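Everything on this sheet refers to the single structure shown next.
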Amino acid sequence: MDSSRIIREHLTFRVLLQAMSHPGRVYPLPDFPKDWPIAVGFLGSVMDNEVGFAVIGDLELEKSIGLYTGSRRVAPEEADYLVLGNGHGSEKLTQVKRGSLEYPDTGATILYLVEELREGNGDIVLSGPGVDGTASLQIKGLPIAELHRLRQVNSEFPLGVDAVFLDEHKRIACIPRSSRIGVN
């Protein structure tokens, strides 16, 4: 593995930690090679051959992720990482791994590929750990029904899923399972 890839993946992971620590805040990601889909560049920093993943709605992306990360493709309900393409919500969200009381961290991470992320004046209001009072987030390209499903899946904390949103401008925002989600 070349040093530029190691540095890029390290920087990407640090941005992910920031975004998970501050739900609803939008952060820029480091640059990825121009011919890479943003999901491939991002997932290279968190996936390896020990995790399973599924992609809904984009077979080419699924192949690219598998080749780059070495991770194995599995059914959505078995996935450690579930990737949903732009504009795709999924009823399968209610069937994904939510962890157990002993190991809540084994719940899936859901990666949403969306058009645009913006802080403030959004339909999504977050509260909980990492949020000073409340935080507002706009997510263009995500069906509102998906937010209701996400809230349902995370209603039995510490069980649930972590949600990561990547936009077309190479920005990231997160809603961890510990966040409370309000939809205006």
Quiz item: If you take the residues of segment 80-123 that are assigned to a strand (DSSP E or B) and more than 16 Å from the chain's Cα centre (by Cα), which of them is farthest from R177 (Cα to Cα)?
Solution: N121
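What about F42, is it in a helix (DSSP H, G or I) and surrounded by 15 or more Cβ atoms within 10 Å (Cβ to Cβ)?
Criteria met by F42.
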Self-check item: Residue in segment 146-156 that is farthest from C174 (Cα to Cα), counting only those that are out of contact with any helix residue (DSSP H, G or I) (no Cβ under 9 Å at 6 or more places or on another chain) and surrounded by fewer than 21 Cβ atoms within 10 Å (Cβ to Cβ)
Solution: E156
Quiz item: Within the bounds of segment 27-36, is there any residue that is touching a helix residue (DSSP H, G or I) at 6+ places or on another chain (Cβ under 8 Å) and among the aliphatic types (A, V, I, L, M)?
Solution: yes
Practice problem: Scan segment 58-109 for residues that are closer than 19 Å to E146 by Cα, of a type in the set (S, T, Y) and buried (at least 16 other Cβ atoms within 10 Å of the Cβ) and report the count. | Solution: 3
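Look at segment 69-94 and say how many of its residues are modelled with pLDDT of 90 or more and out of contact with any strand residue (DSSP E or B) (no Cβ under 9 Å at 6 or more places or on another chain).
Number of matching residues: 1.
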Quiz item: Of the residues I124, I110, which is among the hydrophobic types (A, V, I, L, M, F, W, C) and over 18 Å from M47 (Cα atoms)?
Solution: I124
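Let me confirm something: among G52, G70, G66, G120, which residue is under 17 Å from R171 (Cα atoms) and either touching a residue at least 24 places away in the same chain (Cβ under 8 Å) or not aromatic (F, W, Y) (or both)?
G120
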Self-check item: segment 106-150, residues that are in contact with a strand residue (DSSP E or B) (Cβ under 9 Å, 6 or more places away or on another chain), of a type in the set (D, E, K, R) and under 26 Å from L61 (Cβ atoms)
Solution: E115, E116, R118, K140, E146
Quiz prompt | Single residue of segment 155-167 satisfying the filter (within 14 Å of the chain's Cα centre (by Cα) and not in a strand (DSSP E or B)) that is farthest from L84 (Cα to Cα) | solution = G160
Self-check item: Of residues in segment 157-170 being crowded, with 20+ Cβ neighbours inside 10 Å and in contact with a Leu (Cβ under 7 Å, 6 or more places away or on another chain), the one farthest from Y27 (Cα to Cα)
Solution: A163
Quiz item: Can you name the residue in segment 17-39 that is touching a residue at least 40 places away in the same chain (Cβ under 8 Å), in contact with a Phe, Trp or Tyr (Cβ under 8 Å, 6 or more places away or on another chain) and part of a helix (DSSP H, G or I) and, of all such residues, is nearest to Y112 (Cα to Cα)?
Solution: I38
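The values are calculated or read from the model by the stated rules, or taken from the named source; none is laboratory data. Predicted, not measured: the structure shown is a model, and the values here were computed from it. We place every Cβ from the backbone using ideal geometry, glycine too, and count neighbours over all the protein chains shown.
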